[in-house]
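Right, one structure below, let's go through it.
The values are calculated or read from the model by the stated rules, or taken from the named source; none is laboratory data. Here the structure is a predicted model, which is why all the values come from computation and not from measurement. A quick note on method: Cβ atoms are made from the backbone with ideal geometry, for glycine too, and the neighbour counts reach across all protein chains shown.
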Amino acid sequence: MIGLQQLRPVRLVVLAALVYATVAFWPSAPVRAAATSDETRAAVEAQLAVERRLLTRDLAAHADARSRQQAARGRLEGVSAQLDELLRGAEGSLTLASFERVQADIAAAQEGQRAADERLEDVRRRLGERLRRIAALQEELGTGPRVPDPLSGRWRVRVMPQNVSGIFELRLDGTLVSGKYQLENGLAGSLRGTFVDNAVRLERIDAQNGFDTTFLGAVDGALGRISGTWHANELAAGAPASGQWAGVRISAGR
């Protein structure tokens, strides 16, 4: 049998080996973790940069799709006016052939209108998904100090070419924007939208007509200014369908 005196050196050797292993390998874990964390952050930043470049393309695609939609609506209004003129004309000018010809033009214009609407809706859906991905990536990287809210507060805005002034009251919650507006021409209602990477998208919801206009703008938080473009959702007789707008923040939100 092995005596106690013989076991004691064995125990000491085993204990020394355990201590050495602990000392040798313990520092490497934080180093590996830090390296992994840096690699993950770099990967997220690279993905965010890609999403921002794609967002620029999406915004251009939205402007193009909106322009095409307006053009399609203009064509439909034009051929519809031709039919009205034909039906109001002298009885002798209204024939089956002329009526069917204009009806065919109207059908083609309606199909173009549907295609333009679907294209715009697809672009907007893609734009929303892009903004949600950017917001998620920014949240994942959000380890730095909190920056001042560049959007919440009261804004004095001017809408061109109507040259109409008014007040936008905006509130930013994450990437979502809510608020209300009052224009000097009497229009009033609510605002909703998104704010990502200093780009704001606002949907104006009129108290009587509902969602009627989309505002796109770039925000300069340091100067307290917004500038961009707007597009009407529906054509109104004698009214512009798009234009420019700008705003100056007159008070910051809490």
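From the list ARG204, ARG225, which one is among the basic types (Lys, Arg) and more than 30 Å from GLU77 (Cα to Cα)? The unique qualifying residue is ARG225. Here GLU129 fulfils each of the conditions (1) over 18 Å from THR194 (Cα atoms); (2) surrounded by fewer than 17 Cβ atoms within 10 Å (Cβ to Cβ) apart from (1). Against the condition over 26 Å from LEU48 (Cα atoms) and either surrounded by fewer than 16 Cβ atoms within 10 Å (Cβ to Cβ) or of a type in the set (Lys, Arg) (or both), how does ILE250 come out, does it pass? Considered against the rule, which asks whether it is over 26 Å from LEU48 (Cα atoms) and either surrounded by fewer than 16 Cβ atoms within 10 Å (Cβ to Cβ) or of a type in the set (Lys, Arg) (or both), ILE250 comes out as yes.
Is there a residue being within 30 Å of SER242 (Cβ to Cβ), surrounded by 14 or more Cβ atoms within 10 Å (Cβ to Cβ) and not hydrophobic (A, V, I, L, M, F, W, C) anywhere in segment 88-98? No, there is no match, as no residue in segment 88-98 is within 30 Å of SER242 (Cβ to Cβ), surrounded by 14 or more Cβ atoms within 10 Å (Cβ to Cβ) and not hydrophobic (A, V, I, L, M, F, W, C). Being farther than 30 Å from SER67 by Cα and not hydroxyl-bearing (Ser, Thr, Tyr) is the filter here; which residues of segment 77-114 pass it? Scanning segment 77-114 gives LEU87, ARG88, GLY89, ALA90, GLU91, GLY92, LEU94, LEU96, ALA97. Checked against (1) at pLDDT 85 or above; (2) closer than 22 Å to THR175 by Cα; (3) touching a strand residue (DSSP E or B) at 6+ places or on another chain (Cβ under 9 Å); (4) crowded, with 17+ Cβ neighbours inside 10 Å, ASP58 meets all criteria but (3).
One residue alone among ALA46, ALA63, ALA21 is at pLDDT below 55 and either of a type in the set (A, V, I, L, M) or in contact with a strand residue (DSSP E or B) (Cβ under 8 Å, 6 or more places away or on another chain) (or both), and that residue is ALA21. Annotation: of all residues in segment 146-172 being more than 18 Å from SER251 (Cβ to Cβ) and of a type outside the set (Lys, Arg), the one that is surrounded by the most Cβ atoms within 10 Å (Cβ to Cβ) is VAL159. In segment 38-61, the residues that are farther than 14 Å from ARG132 by Cα reach residues that are outside any helix (DSSP H, G or I) and among the aliphatic types (A, V, I, L, M) with C-beta atoms within less than 9 angstrom, at least six apart or across chains, in these pairs: LEU59/ALA199; LEU59/LEU216.
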